[in-house]
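The values are calculated or read from the model by the stated rules, or taken from the named source; none is laboratory data. Quick caveat, the model's predicted, so the values are computed rather than measured. Glycine also receives a Cβ, built like all others from the backbone with ideal geometry; neighbour counts cover every protein chain displayed.
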Amino acid sequence: LRYQQTIRNQEQKQKLDFILKEQLLNIQLAFTTYTSVTRPQQLATINSNINAKIDECLNVLRILDQGGKYEYRNSANLASRDEIIESIIYDADRYTGTINEVRQLYPAINDLQSLSSRITAILKAPADSM
């Protein structure tokens with residue numbers, strides 16, 4: 001039973017890893033859209049989207065670090081539903097403790113948030129002066 005629980009927990013960790021990678025790819029994609037901005041409202045929307053994705057990343061990191069529950073919303077094209085919600089429950093590994101690589105991601109992801117705000121401010125400045 002203990003082995004089954006350990007295997008299940010590792011599967012949950014892999015799902016959280018996938019979600020984290022997906023969010024980071026979405027952030028990268030959002031950063032590339034800054035080059036095509038033509039209106040100030042687009043800047044605010046891009047920055048807001050990036051901040052929302054970063055918040056999701058930080059939430060996943062917290063769960064990977066401390067354990068917890070994450071509700072993953074996945075779009076679906078079903079007659080009765082538009083999305084499926086999967087509850088992912090991950091227990092922190094009591095043998096290995098925290099994962100050092102996870103802790104190292106916190107500052108890097110916070111830097112992305114800061115970078116997004118700076119890019120928005122720089123691109124917004126010329127638009128405000130017109």
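Residue count for region 75-130 satisfying the condition of being at pLDDT below 80, among the β-branched types (Val, Ile, Thr) and closer than 16 Å to LEU20 by Cβ: 2. Scanning region 27-38 for residues that are in contact (Cβ under 8 Å) with a residue 12 or more places away in the chain and either surrounded by fewer than 17 Cβ atoms within 10 Å (Cβ to Cβ) or part of a loop (DSSP other than H, G, I, E, B) (or both) yields a total of 3.
Of the candidates ARG81, ARG94, ARG103, the single residue that is of a type in the set (Lys, Arg), surrounded by 10 or more Cβ atoms within 10 Å (Cβ to Cβ) and free of Cβ contacts under 8 Å to residues at least 24 places away in the same chain is ARG81. Selection over region 76-126 of residues that are under 19 Å from ILE27 (Cβ atoms) and within 19 Å of the chain's Cα centre (by Cα) gives a count of 16. Which one of SER80, SER87, SER116 is among the hydroxyl-bearing types (Ser, Thr, Tyr), more than 30 Å from ARG2 (Cβ to Cβ) and not in a loop (DSSP other than H, G, I, E, B)? Unique residue meeting the criteria: SER116.
Quick one: is ASN59 surrounded by 13 or more Cβ atoms within 10 Å (Cβ to Cβ), among the polar types (S, T, N, Q) and under 30 Å from THR120 (Cα atoms)?
yes
Count of region 47-68 residues, restricted to those that are part of a helix (DSSP H, G or I) and farther than 17 Å from SER117 by Cβ, is 9.
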